[in-house]
1. Taking every Cα atom in region 401-526, find the radius of gyration and the maximum pairwise distance Dmax, and write them in Å.
2. May I ask you to list the trypsin sites (Lys or Arg not before Pro) in region 196-273 that are in a DSSP loop and have at most 15 other Cβ atoms within 10 Å of their Cβ?
3. I'd like the GluC sites (Glu not before Pro) in region 256-351 restricted to DSSP loop residues with at most 15 other Cβ atoms within 10 Å, sorted by number.
4. I need two numbers for region 128-268: Rg to one decimal and Dmax as a whole number, Cα atoms only, in Å.
5. What number results when the radius of gyration of the chain, computed over Cα atoms, is divided by 2.2 N^0.38 Å?
6. Which shape class, rounded, prolate or oblate, goes with region 531-614 when its Cα gyration tensor gives a ≥ b ≥ c as root eigenvalues, a/c under 1.5 marks rounded, and past that a/b bigger than b/c marks prolate?
7. For region 194-291, what log10 I(q)/I(0) values come out of the Debye formula at q = 0.14, 0.16, 0.21, 0.23 1/Å, with one point per alpha carbon and no solvent?
8. How big, in percent, is the set of alpha carbon pairs in region 524-680 lying more than 23 Å apart?
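Each reported figure results from applying straightforward, stated rules to the coordinates on display, with no laboratory input. As the structure is a prediction and not an experimental result, all values here were calculated from the model. All Cβ positions, even for glycine, are placed from backbone atoms using ideal geometry, and neighbour counts span all protein chains on display.
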Amino acid sequence: MMEPVYGHLLPGETPLEKTFFVLPSPSSFPQNVKTMTSSAKHPFFRRSRSLTPVLLTALIAAGCFVSAARAQDGAVIEIQADKSLHKVSPTLYGLMTEEINYSYDGGLYAEMVRNRTMEHGWAGIARWDMVDTGTGRGTVKHESGDGPTTDLPSSLQLDVTAADAQNQVGIRNEGYWGMAVRPDTTYMASFFAKALSPTAGPVTLSLVSDTTGKVLATATTAALNGEWKRYEVPLRTGKLVPSSLNHLQLTLQQPASVRLQLVSLFPPTYKNRANGNRVDLMEMLAAMHPKFLRLPGGNYLEGDTVEERFDWKATLGPLQNRPTHRSPWNYTSTDGMGLLEFLEWTEDLKIEPVLAVYAGYSLKGAHVGPGAALKGYVDDALDEIEFVTGDTNTKWGAIRAQLGHPAPFPLHYVEIGNEDEFDRSGSYSGRYAQFYRAIKAAYPQLQLIATTPVTTVTPDVIDDHYYKRANEFYKMLEKYDSVDRSGPKIFVGEWATREGSPTTNLGAMLGDAAFMTSLERNSDLIVMASYAPLFVNVNGMQWEGDLIGYDAISAYGSPSYYAQALFAEYLGTNVPESHKTGGSDRLFYSVTTDSARNKIYLKLVNATSTPQAVTLKLNGTGKLAREATVETLGGADPAETNSITDPKRIVPLHSIIRGIGPNVQHTVPAYSVQVITFGS
Ligand code: AHR
């Protein structure tokens, strides 16, 4: 898989926790620091109380609170708040995702059954095992010629030779490294089945503890018959301790042969969407304050081959009409997360899609040359845009309405392909032009993104990708400062400081934050940016250095996650005139203002091991409150990190500085990012 380390050459907060400490000795801390609390309004910013003393000690050790006098020796940052250089792009921070690291299946998409479509591997029907509750007997096999639909033409055949009510025989599924079962919760179980023998009777579905064998929830369907039919039952849990050490069982109570397909189990989902998303992960995304979602990928859009591209039309409608497909990350995608589900995801977060359309190039090198051969793919993209934006009088708008979503979705950006610089045939310029002309003719208002510079037409936007070490980012922070503003805008559609695994560490967060200061400073040119990859199931990592980690039952944000959230939350509308003199070259900053709200947001990134003193000269501000708020994200060692077992080691801490005037003496702790909000 491509792991590029490159960039295109240039073409009043209410803390959820109460204040968790009051500084013990006024003499040990600067007078202007009042208290610190866990930052932000979202549960994911809450920290464990038990960690507090550890982090407090670390911050003190790192020199978080040093005397104001030392600040006079360091950097000077002068801000002319009333002189705007340019606007901040209102869409600057967003999300990029794809099916990688079990991001959707085994991740955001809430399906709990793994291999629900009975995919047959060398070792049998993957993820399914026989189970019997006593002395019953039976076997399973893959039936390749019979399924509920032509899109799912195979099934699992269960032949039970001995069973009764106490000795049931059937199959069990382990889920994606377990199944999260919570108390007093209703899970919806469903499957397609066909009886081969009239004696089949009903199917019993049970959620069972792996460790105790206890049945945690159970229900029984009506008796099966000889036709393929869908069965659905609720599984309701009672009082229990949440755990992911559970599995799902489907059993028969008497000898019979049955065929099964599309066995599914859903917990309650975000906004209660059928076929929807995990609540915890969606809440984490909402807390990032994103403005867009680039979908569906990445390499996932392209596929290894043309046949394995993200063929959006095959991802619509009832699940039994989705044939599934192999993704370039080497597992089968259920396509439960289909195009409409992607769009509903954007709707739930109140953000816009950035729609990437397949452009005729796939990862193993196959490409469809511009001209007649490419026309079908261009038409597909036009249909896709109509599906997203068309009203119900259009063909694809009407199909969207039939699928339950009459209202069109907003759309301003369409990306043509992904990383087409890897197409060594050089066909992208021609392919891009063919898409560009056809889409512009039908949708002149759309901004069309190219994935690499082209010579045929002038793209509206170019997508730059960077996967780098922190030191590499520090060296390229001025890259965009001198780019000619008369050319295409820039979308930094994938980027990350890749240090730490499976999610990135504190050192990576510093690299990220430093890079984001340059994104904000250049946000007249850079219209959007999205970190990647967003998700990793910690049991199924394929790409090191991800933003949000999870397993079947819990999730956490890397330090970089919190930096993303802070940078997006505290973002003004304009970039004012400012400059920094003196101080370390590893002390970075960005400042934005919001004159309507009378706010100045100053972001400071100290990527050094020592506290950095800084004098802030605030000019042209109008009347400022005497207090400013500070969010601090930092730690003692760049290798420090959050993890599935230590999820909130590094989270933002909230504090207040007093005595704000035209000159503020401040010290930025070692290895930290601070966001200071000045305002009225
Ligand atoms: O984000 C991981 C991969 O990196 C993306 O799929 C691809 O676009 C890039 O090469």
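1. According to the Cα coordinates of region 401-526, Rg and Dmax are 17.4, 52 Å.
2. On the way: sites: Lys214, Lys229, Arg230, Arg236, Lys239, Arg259, Lys271, Arg273; in loops: Lys214, Lys239, Arg273.
Those that pass, being in a loop and sparsely packed, are Lys214, Lys239.
3. Working: sites: Glu283, Glu302, Glu307, Glu308, Glu341, Glu344, Glu347; in loops: none.
Qualifying residues, ordered by number: none.
4. In Å, with Rg to one decimal and Dmax whole: 14.4, 43.
5. Values: Rg = 27.4 Å, N = 680, 2.2 N^0.38 = 26.2 Å.
For the chain, the normalised Cα radius of gyration comes out at 1.04.
6. Numbers: a/c = 3.28, a/b = 1.74, b/c = 1.88.
Since a/c reaches 1.5 but b/c is at least a/b, the shape of region 531-614 is classed as oblate.
7. Taking Cα atoms of region 194-291 as identical point scatterers yields -0.69, -0.83, -1.12, -1.21.
8. Numbers: 5442 of 12246 pairs.
For region 524-680, the share of Cα pairs beyond 23 Å comes to 44 percent.
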